[in-house]
Amino acid sequence: MKNIRYTSQYKKDLKRFLNHPKKLKALQEVIDKLRNEEVSPCYN
């Protein structure tokens, strides 16, 4: 499992996505996949 560093850009994006639950859920799924070192479905 990788450590994720949250940058200031991520914090800005997160603040924007708080009013959009679908986008927030998608962002969380991507972060979880990156943390677990899973391969992105785009590159399979």
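Summing -39500 (n - 2.57) over the DSSP H runs of n ≥ 4 in the chain and dividing by its residue number, what mean residue ellipticity at 222 nm do you reach, to the nearest 500 deg cm²/dmol?
On the way: 2 runs with 25 residues, N = 44.
Only helices count here, giving -18000 deg cm²/dmol.
Scan the chain and hand back the longest stretch that contains none of the trypsin sites (Lys or Arg not before Pro) lying in DSSP loops with at most 11 other Cβ atoms within 10 Å. It works out to 6-44.
The structure shown yields Cα Rg over 2.2 N^0.38 Å, and of the options (i) 1.24; (ii) 2.02; (iii) 1.08 that calculated value carries the label (i).
In whole percent, how big is the carbon plus sulfur part of the accessible area of the chain, probe 1.4 Å, protein atoms only? Display every interim value, and only then the final one.
Numbers: 2350 of 4320 Å².
It is 54 percent, rounded to a whole number.
The values are calculated or read from the model by the stated rules, or taken from the named source; none is laboratory data. Keep in mind that what you see is a predicted model, and the values were worked out from it rather than measured. Heads up, the Cβs are rebuilt from the backbone with ideal geometry, glycines too, and the neighbour counts pull from every protein chain shown. All accessible areas refer to the heavy atoms of the entire protein, side chains included, with ligands and DNA or RNA removed. Shrake-Rupley method; radii C 1.70, N 1.55, O 1.52, S 1.80 Å.
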